[in-house]
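This report refers to the structure that appears directly beneath it.
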Amino acid sequence: MDASSAGLAGFREVNLHCAGREDPRAHANAVEEAVRGLLDPAPDLLVVQGDTSSALGAARAGFACGVPVGHVEAGLRTHDLARPWPEEGNRIEIDARAELLFAPTSIAAQNLAAEPAGGAIHITGNTAIDAVLDAARQLPVPRPRDSGIARLLVTCHRRESWGAALSSIAAALSDLAEHPNITIDVVLHPNAFVAERMGHLLGGIQRICLLPPCTHLELLQRMQEADLVLSDSGGIQEEAPALGVPLLVLREKTERPEGIASGCARLVGTSREAIVDETLCLLRNPIERARMSKPSFPYGDGRAGARIGSIIVEWLRQRGCGVQPAALRAGGW
């Protein structure tokens, strides 16, 4: 992904040459080493987003070089290091030493306040919602739905589900595909292991279509056109409520309870029987599905980026750091 496609046109782009690795710990180490080379001379602040191994590697580089770190999407917790793995451990490690903590919700802020983190906590909303609302303006009008056919959209990639849970999810989709009034689109993940495994389990099954990885805009369009989304994605747990698309979360635990509380999503786990039962129950209940289809914004109002930018500018000024107006304009502040 280049800078312009990520909404960062106007900023200098540096390729770290750190392709993802099967072992996320090795990837974090590689990113740390690559980012260290960019921190001389030291910047005033290093900002990382999310809980990936690349975010952890970059944050570690900042900690090692004495550069203050700001963490966007801080405070998300399941309170279980195994779910999701390694993301739960990644974000705990980043938050423990970051100087600026940008929590998307009050629950995330409360999680941070309960931990020995020394950084300043700010509730800002999440930039993912900024991106969704911006992209939604570019989406075409959804295709008319066939009232007699239910469209399911499925994504699945969590590492803790790579074994028996992945097989269980696939078996549930196979069961659902036996119903002639259900069609299922499965968007394969870029990770080769997951894509190959799902292809092996679901390839050739009638009414299941395996789709290659798609762009963010394409995924949002497919979500908007679906009657129901089944996913273990963290990002989709924020995007589906904002788009007003009912979501069944294919995980045992979630760090985003706000979506469940909003009524737009349900946590169903990875049990074959539970996935099938919850899906059929919802498809047969148009009143409940309509209730879950009302757009909700527990993760922000689309102005998280502006809030974060203003907080950073004030933080820099308090430390006597120069702020370049051109850079602020390029960032949309």
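A short reminder: the numbers here are calculations on the coordinates, not readings from a lab. Here the structure is a predicted model, which is why all the values come from computation and not from measurement. We place every Cβ from the backbone using ideal geometry, glycine too, and count neighbours over all the protein chains shown.
The table for this structure:
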read-out	value
Extension gain, Asp23 back to Arg97 (0.36 nm per residue minus Cα-Cα distance, nm)	24.3 nm
Percentage, to the nearest whole number, of Cα pairs in the chain over 32 Å apart	31 percent
Span per principal axis, largest first, for the Cα atoms of segment 144-292 (Å)	36, 35, 32
Percentage, to the nearest whole number, of Cα pairs in segment 153-230 over 15 Å apart	53 percent
Segment 1-130: proportion of alpha-carbon pairs further apart than 25 angstrom, %	24 percent
By average C-beta atoms within 10 angstrom, highest first, the peptides 72-85, 236-249, 183-196	236-249, 72-85, 183-196
Centre separation in Å (Cα based) which lies between segment 227-252 and segment 176-190	15 Å
Given charges at beta-carbon only (K, R positive; D, E negative), |dipole| of segment 253-306 in Debye	120 debye
Computed over segment 144-292: relative contact order in percent, which uses C-alpha pairs under 8 Å that are six or more apart	24 percent
Charged-residue dipole, Cβ positions (Lys, Arg, Asp, Glu), segment 203-307 about Cα centre, Debye nearest 20	140 debye
Virtual spin-label span in nm between Ile205 and Leu39, 7 Å along Cα→Cβ	4.6 nm
Cβ crowding within 10 Å averaged over residues, with 166-172, 22-28 ranked highest first	166-172, 22-28
The chain, relative contact order in percent, only Cα pairs under 8 angstrom and at least six apart counted	15 percent
Burial order of peptide ranges 115-124, 59-68, 208-217 (average beta-carbon count within 10 Å, highest first)	59-68, 115-124, 208-217
Mean ellipticity per residue at 222 nm, deg cm²/dmol - from DSSP H runs of n ≥ 4 across the chain, formula -39500 (n - 2.57)	-13000 deg cm²/dmol
